[in-house]
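The values are calculated or read from the model by the stated rules, or taken from the named source; none is laboratory data. Owing to the predicted nature of the structure, the values given are computational and were not obtained by experimental measurement. Quick reminder, even Gly has a Cβ in these numbers, built from the backbone with ideal geometry, and neighbours come from all protein chains shown.
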Amino acid sequence: MTGKPTLPLVAVLNGPNLNMLGLRQPEIYGSATLDDVEALCAETAEQLGLAIDFRQTNGEGELVSWVQEFRGRAVGIVINPAGYTTTSIALLDALLAVQLPVIEVHISNIHRREEFRHNSYVSKAAVGSIVGLGIQGYALALRAMAELILEGP
Ligand code: CA2
């Protein structure tokens, strides 16, 4: 019996306050909403032959639990950790433990902004980071992830 092959799964995780995208501060984050970001990721994933699980949470613990949940289930993690980028050693530890390729995305260019946004703990677990390219950063991250997966370990 030949079933439909399951596509490699990439987790696309979003941290606190990203549910407010498009509703406030469009001069920094643009006018797209998080639903628009999800639609862009879904469309990009389809082109690449990937499945995605797209999520957002305001909770640090929930984000850590989600990262753990994807161990053995996903082939990679694309993450915009938002405010937890610069504070969460728990998130860094989870990302290191999960042993999956991680790509960090920031919609704004964190390096052109306030000093406190510059130091990312998450970068220490990431293969690479995409910053400042707006929501297209998510699409670029998925493309980079597809390349990484094809490359193999
Ligand atoms: O540029 C990014 O993607 C950030 O991760 C966004 C975070 C910020 O703390 C990081 O330094 C950079 C903030 C997410 C909250 O997004 C909002 C969007 C609209 C209105 C209010 C917050």
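Looking only at the stretch 19-33, residues that are buried (at least 17 other Cβ atoms within 10 Å of the Cβ) and in a helix (DSSP H, G or I) come to 1 in all.
Of all residues in the stretch 101-116, those that are within 17 Å of Glu38 (Cα to Cα) have Cβ atoms under 8 Å from Cβ atoms of residues that are at pLDDT below 95 and small (Gly, Ala, Ser), 6 or more apart or on another chain, in Ile107/Gly30.
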